[in-house]
Amino acid sequence: MAVTNSEIDIAPYIDHALLVPGATTEQVAQCCTAAERYHFPTVCVYPIAVRQAGELLHDKKTKVCTVIGFPTGATTPGAKLYEAMEAVDNGCSELDVVINLSWLKEGKSELLYQEIAQICEETGVTVKAVLETTLLNNTEKRLAAEICMDAGVAFLKTSTGWFGGATVEDVGLLRQITKGQVGIKASGGIRTLNGAIALIEAGATRLGTSRGVDLIRQLEEENDSNL
């Protein structure tokens, strides 16, 4: 039976994203302040903003996440590894790594595995593999998930948000594939409380969204209306 919105504390699910081109240092600071205020697990910012976010959130419960190979995944393994290592050196605790979709579609499973496994092993932080599910069929989604799980990722992430967003169907499929072995991050197009709750009920354990504060306010308004 589905739970009501008021029964879910949505804050612990939210990776509060600021991934707009041209984001200023002031916007990064605002993002970090909001994430700390609402007890979100992470802020997700571009690599250029990691050091600033890390300094602002030093010794805080909210951690810093960044994107690697974003948004297409079509950079070399060496470039992704360097980007990942630099981000960790700058204070990043979680990495959202976009997989190489061409390798997946060409059946180059070993290359895909090696790239993700090396990042997992050498950084030693939480790695989320971004599958870009809107560009894959179900067979490809399953293969990508299995390769990334074998490579040691902590989460599978549905999307960058640049080519479409998370769907309940894709989250449900990933839950079926993962069987609870890794987390599932739904990302892209999450704007409403009802949509966020539907993704959580489908199996999402994180939500990547720039609308985290809006979602909290929607929940507060709904709870107030039920009093």
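Some observations on this one:
- Directionally averaged projected area (convex hull, Cα atoms, the chain), nm²: 12.0
- The packing ranking, built from the mean of other Cβ atoms within 10 Å per residue, places the peptides 159-167, 110-118, 134-142 in the order 159-167, 110-118, 134-142, highest first.
- Note that region 7-17 has calculated 3J(HN,Hα) couplings of 8, 10, 7, 7, 3, x, 8, 8, 8, 7, 9 Hz, one per residue in order, obtained from phi through the Karplus relation 6.51 cos²θ - 1.76 cosθ + 1.60 (θ = phi - 60°); glycine and proline are x.
- Principal semi-axes of the equivalent ellipsoid, √(5λ) from the alpha carbon gyration tensor of region 98-227, are 29, 14, 12 Å from largest down.
- Within-12-Å neighbourhood charge of Asp214 [Cβ basis; K, R +1; D, E -1]: +1
- Packing-based ranking of 190-202, 207-219 yields 207-219, 190-202, ordered from highest to lowest mean Cβ neighbour count within 10 Å.
- Note on region 148-216: the alpha carbon radius of gyration divided by the globular reference 2.2 N^0.38 Å gives 1.05.
- The residues of region 1-147 expose on average 48 square angstrom of accessible surface per residue, using a 1.4 Å probe on protein heavy atoms.
- Rounded percent of accessible protein surface that carbon and sulfur make up, region 11-168, 1.4 Å probe: 53
- Shape call, region 1-93: gyration tensor on alpha carbons, a/c limit 1.5: prolate
- Fraction in percent of alpha-carbon pairs per bin - 5 Å, region 25-148: 2, 12, 22, 20, 16, 13, 9, 5, 1
- Structure-based [θ]222 nm, the chain - -39500 (n - 2.57) summed over DSSP H runs of at least 4, per residue, nearest 500: -13500 deg cm²/dmol
- Using the Cβ of Val127 as centre and a radius below 9 Å, the other residues enclosed give a net charge of -1, where K and R count +1 and D and E count -1.
- Under 5 Å from the amide H of Thr209 lie the amide H atoms of Asp15, Ala17, each residue being 5 or more positions distant or on a separate chain, with H modelled from the backbone and absent for Pro and chain starts.
- Each peptide in 79-89, 95-105 gets a packing score, the mean of other Cβ atoms within 10 Å over its residues, and the list from highest to lowest is 95-105, 79-89.
- Separation of alpha-carbon centers, region 4-48 and region 92-128, rounded to whole Å: 24
The values are calculated or read from the model by the stated rules, or taken from the named source; none is laboratory data. None of these values were measured; they are calculated from a predicted model. In this analysis, Cβ positions are derived from the backbone assuming ideal geometry, glycine residues included, and neighbour counts consider all displayed protein chains. Areas reflect the complete protein model, heavy atoms only, side chains present, ligands, DNA and RNA absent. Shrake-Rupley method; radii C 1.70, N 1.55, O 1.52, S 1.80 Å.
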